[in-house]
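J.: Pasting in a structure now, in structure tokens, and then I'll have a few things to ask.
The values are calculated or read from the model by the stated rules, or taken from the named source; none is laboratory data. This structure is a prediction, so every number in the text was calculated from the model and none was measured. Don't worry about glycine lacking a Cβ; one is built from the backbone with ideal geometry, like all the others, and counts go over all protein chains shown. Heads up: the accessible areas ignore ligands, DNA and RNA and are worked out on the full protein's heavy atoms, side chains in. Shrake-Rupley method; radii C 1.70, N 1.55, O 1.52, S 1.80 Å.
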Amino acid sequence: MASSEDASSRLALSNIEEIGPATEKRLKEAGFRSIRDLLVRGPVDIAEATGMETGESVEICNKARLMLEELGIIDKSFVTATSLYSRRRERISTGSKSFDDLLGGGLETKAVTEVYGEFGTGKTQLCHTLCVIVQQNKLAGGLDARALYIDTENTFRPERIVSIAEGRGFDPRRSLENVIVAKAYNSAHQELIIEEAGPVIEDNNIRLIIVDSAVAHYRAEFLGRATLSERQQRLNKFMHILVRIAETYEVAVLVTNQIQASPDAYFGDTVRATGGNVVAHTSTYRIHLKRSGKNRIARMVDSPYHAEREILFTLTERGISDANEGR
Ligand code: ATP
Ligand code: MG
């Protein structure tokens with residue numbers, strides 16, 4: 001982790017020779033603070049922020065990537081399978097042993113995980129539970145870190161943070177203090193929040209980012225087929241920024257996505273599926289949540305290396321729990 005003073009000075013924008021004081025000022029005004037942000041936002045945004053040619057911004061991005069490789073923050077372009085295999089994967093417990101097992105030990109850092117399912121299947125409960133657990137030490141399933149909660153549906157509830165923390169024997173006041181909430185009022189605002197998240201992540205020791213939900217604003221704002229391609233492009237860009245944030249800031253990202261059982265009155269099946277696919281293709285892992293009586297089923301879908309299997313869990317006052325608990 002490059003969180004020491006030394007590492008953060010090595011991550012300063014001015015370490016790249018093409019970035020003079022005027023360019024640095026313009027980049028900072030556009031929310032770029034460190035070399036990580038250059039890689040997260042990419043050459044097109046850099047060119048837009050500074051007015052430079054894209055040839056030059058591509059060059060800057062390449063340099064940023066090399067520096068992050070040298071610092072060991074991201075993988076080198078050519079690596080052996082051994083070094084990939086031994087790569088450090090940190091995990092955050094979900095609160096349920098079986099759910100953790102399904103994920104191979106918990107929610108993974110440097111990856112984007114999507115949970116999708118119908119209303120009331122526990123997506124938001126999972127988000128809240130992870131926000132409490134990420135704060136704990138490794139023995140208790142956390143990473144001694146804070147969470148950033150991007151709330152697009154107005155369903156973040158501090159009261160739930162309190163009851164989940166209390167139910168698990170953690171200090172509720174400290175638990176509230178360690179969750180930073182950003183309410184996104186529309187899709188453009190949601191994009192702005194994520195574009196400017198770099199400094200917030202660095203300053204607050206954030207290791208978990210929640211986007212609940214990733215798709216809701218796009219669904220509500222882009223009605224009908226005429227706007228479909230713009231919607232897909234915007235959502236695609238948003239998801240790609242999330243992937244790069246996960247990698248360069250070494251955080252775990254969880255996005256939720258609601259899937260309706262009955263055909264959606266506005267979009268019909270095709271449009272809804274397409275919206276979902278953008279998220280599906282950019283996520284590293286996908287979990288489908290379903291009801292099963294009082295319990296819930298979580299199923300690992302299309303994972304590159306997990307077996308496709310499902311587990312049972314339950315929703316309790318203390319958040320996500322194993323199905324045999326809390327009865
Ligand atoms: P949506 O798609 O509408 O956002 P969701 O998948 O996010 O739905 P959640 O809000 O996570 O759904 O789950 C709601 C369910 O969580 C409730 O139906 C209830 O079963 C359970 N739940 C919520 N609060 C508590 C609590 N304090 N104690 C026990 N169960 C709770
Ligand atoms: Mg929800």
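J.: Any residue that is farther than 22 Å from Glu108 by Cα and at pLDDT below 95 - is there at least one of those in the range 203-216? Don't jump to the end; show me each part of the working.
T.: Applying the first criterion (farther than 22 Å from Glu108 by Cα) to the range 203-216 yields 216.
This time we only want the ones that are at pLDDT below 95, so: 216.
Checked against the condition, which is being farther than 22 Å from Glu108 by Cα and at pLDDT below 95, the range 203-216 yields at least one hit.
J.: Let me ask something else. Scan the range 34-48 for residues that are of a type outside the set (A, V, I, L, M, F, W, C) and part of a helix (DSSP H, G or I) and jot them down.
T.: Step one: filter the range 34-48 for residues of a type outside the set (A, V, I, L, M, F, W, C), giving 34, 36-37, 41-43, 45, 48.
Residues satisfying the conditions are Arg36, Asp37, Arg41, Gly42, Pro43, Asp45, Glu48.
J.: Let me ask another. What number goes with the only condition from (1) at pLDDT 95 or above; (2) more than 16 Å from ligand 2 (Cβ to nearest atom); (3) more than 23 Å from Asn277 (Cβ to Cβ) that Arg89 does not pass?
T.: Tallying (1) at pLDDT 95 or above; (2) more than 16 Å from ligand 2 (Cβ to nearest atom); (3) more than 23 Å from Asn277 (Cβ to Cβ), Arg89 fails exactly one: (1).
J.: Continuing with this model, one more query. Can you say whether Asn236 is at pLDDT 95 or above and not small (Gly, Ala, Ser), as far as the supplied structure shows? Step through it out loud before you land on a result.
T.: Working: at pLDDT 95 or above: no; not small (Gly, Ala, Ser): yes.
It is false that Asn236 is at pLDDT 95 or above and not small (Gly, Ala, Ser).
J.: I want to confirm something. Restricting to the range 96-113 and keeping residues that are within 23 Å of Val243 (Cβ to Cβ) and within 16 Å of ligand 1 (Cβ to nearest atom), which single residue is surrounded by the fewest Cβ atoms within 10 Å (Cβ to Cβ)? Walk me through how you get there before you give the answer.
T.: First pass over the range 96-113, keeping only residues within 23 Å of Val243 (Cβ to Cβ): 99-100, 102-113.
Next cut, within 16 Å of ligand 1 (Cβ to nearest atom) only: 99, 107, 113.
Values: Phe99: 25, Leu107: 28, Thr113: 21.
So, considering only residues that are within 23 Å of Val243 (Cβ to Cβ) and within 16 Å of ligand 1 (Cβ to nearest atom), the one surrounded by the fewest Cβ atoms within 10 Å (Cβ to Cβ) is Thr113.
J.: Exactly one condition in (1) surrounded by fewer than 19 Cβ atoms within 10 Å (Cβ to Cβ); (2) farther than 17 Å from Ser321 by Cβ is not met by Arg146; state its number.
T.: In the conditions (1) surrounded by fewer than 19 Cβ atoms within 10 Å (Cβ to Cβ); (2) farther than 17 Å from Ser321 by Cβ, Arg146 misses (1) alone.
J.: Quickly run through the range 222-262 and pick out the residues that are within 16 Å of ligand 1 (Cβ to nearest atom) and open to solvent by less than 30 Å² (accessible area, probe 1.4 Å). Break it down into steps so the answer makes sense when it comes.
T.: First, pick out the residues of the range 222-262 that are within 16 Å of ligand 1 (Cβ to nearest atom): 254-262.
Matches in the range 222-262: Leu254, Val255, Thr256, Asn257.
J.: Could you list, in sequence order, all residues of the range 105-125 that are of a type in the set (A, V, I, L, M, F, W, C) and either assigned to a loop (DSSP other than H, G, I, E, B) or within 9 Å of ligand 2 (Cβ to nearest atom) (or both)?
T.: Step one: list which residues in the range 105-125 are of a type in the set (A, V, I, L, M, F, W, C), which gives 107, 111-112, 115, 119.
The answer is Phe119, and nothing else.
J.: Tell me whether the range 114-133 contains one or more residues that are more than 16 Å from ligand 1 (Cβ to nearest atom) and either within 18 Å of Ile164 (Cβ to Cβ) or crowded, with 18+ Cβ neighbours inside 10 Å (or both).
T.: Taking every residue of the range 114-133 in turn, none turns out to be more than 16 Å from ligand 1 (Cβ to nearest atom) and either within 18 Å of Ile164 (Cβ to Cβ) or crowded, with 18+ Cβ neighbours inside 10 Å (or both).
J.: On to the next question. Please go through the range 201-221 and pick out each residue that is in contact (Cβ under 8 Å) with a residue 12 or more places away in the chain and surrounded by fewer than 16 Cβ atoms within 10 Å (Cβ to Cβ). Give the steps one after another, and end with the answer.
T.: Applying the first criterion (in contact (Cβ under 8 Å) with a residue 12 or more places away in the chain) to the range 201-221 yields 201-202, 204-219, 221.
Asn204, Asn205, Glu221 - these are the residues of the range 201-221 that are in contact (Cβ under 8 Å) with a residue 12 or more places away in the chain and surrounded by fewer than 16 Cβ atoms within 10 Å (Cβ to Cβ).
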